[in-house]
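The values are calculated or read from the model by the stated rules, or taken from the named source; none is laboratory data. What you are looking at is a predicted structure, and each value in this text was computed from that prediction instead of being measured. Heads up: the accessible areas ignore ligands, DNA and RNA and are worked out on the full protein's heavy atoms, side chains in. Shrake-Rupley method; radii C 1.70, N 1.55, O 1.52, S 1.80 Å.
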Amino acid sequence: MRLVILGPPGAGKGTQSQRLMREFHIPQLSTGDMLRAAVKTGSDVGRAAQGVMDAGGLVGDDIVVGCIRERLREPDARTGFIMDGFPRTIAQAVALDDLLGDERLRLTAVVELLVDEDLLLDRITKRADEAQRNGETPRADDNPEAMRKRLMAYRESTLALSNFYYNQNRLVTVDGMRDADRVTADILEALQ
Ligand code: AMP
C-alpha cells in the first residue's frame with residue numbers, strides 16, 4: 001500500500017496517517033517531522049529550513065525531495081508507506097512519480113481530507129493549547145500569523161495537487177470534518 005494523504009494544515013493528516021500506519025503496517029513518512037528533526041540536530045537541512053518553517057512558508061522542493069528520496073531507500077519503506085505532508089507542490093508530485101517510477105512502482109491512492117477553513121484555525125489553536133497543557137513546547141508555526149501563511153501556501157501551491165491526482169485517477173476524497181474514528185472508517189472504505 002503506497003499512500004499519500006493530502007489536506008490543509010490542521011485537516012488531521014497526522015492523526016489519520018498514524019491510524020493507517022497501524023492498520024496497514026506501513027511507515028508514516030512525514031516531511032514535517034523529518035524537517036523538525038533536522039532543525040533539532042542543527043544539520044544543514046535544518047538550518048536551511050528553520051526560518052521558512054517558523055514563518056509558515058514552504059521549504060524548497062530540492063530539500064524535501066532529498067529527504068523523501070533518502071527515506072524511501074530505508075528497508076521499512078520498501079513494502080509501502082503513507083506520506084503525510086509530501087508532496088506539497090506539483091514539482092514534488094512529479095519528483096515522487098519519478099522516484100517511484102525508477103523502481104517500477106506507483107502510488108496506490110491519494111486520500112484528500114476536506115475540511116472548512118474556520119475549523120482548521122480552531123484545530124490548530126487547540127493543538128497549541130493542548131501542547132502547553134501537557135508541558136510540551138507548541139510548534140513554532142502553530143500560531144495565527146504562521147497559520148495564515150500556511151493556509152496561503154496551501155491554496156497557492158498544494159491545492160492544485162487534487163486535480164493532478166484526480167486526472168491520474170488516483171484521488172479519493174473524504175469528509176475530514178467528522179470525528180476522527182468516522183474519518184478513519186471512511187478512508188478505509190474508500191480504499192477498498
Ligand atoms: P507539517 O508538519 O506537514 O505541517 O509541516 C510543517 C512545515 O514544514 C510546513 O509548514 C513547511 O514549512 C515544511 N514542510 C513540510 N513538508 C513540506 C513539503 N513537502 N514541502 C515544503 N515544505 C514542507
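Quick notes
- The GNM of the chain, with springs linking C-alpha atoms under 10 angstrom apart, assigns the highest mean-square fluctuation among 57, 101, 176 to 101.
- Solvent-accessible area, 1.4 Å probe, carbon plus sulfur percent, for the stretch 89-134: 47 percent
- The stretch 117-192: C-alpha gyration tensor shape, a/c 1.5 cut-off, then a/b vs b/c: oblate
- Overall Cα dimensions of the stretch 103-145 - principal axes, largest extent first, Å: 46, 25, 18
- Per residue accessible area in Å² of the stretch 80-140, where ligands, DNA and RNA are left out and the probe is 1.4 Å: 55 Å²
- Whole-Å distance, taken between Cα centres, linking the stretch 1-25 and the stretch 90-120: 12 Å
- Over the stretch 2-73, accessible surface divided per residue gives 46 Å², non-protein components excluded, 1.4 Å probe.
- Each listed q (0.15, 0.16, 0.17 Å⁻¹) maps to a log10 I(q)/I(0) for the chain from the Debye sum over equal C-alpha point scatterers, namely -0.93, -1.07, -1.23.
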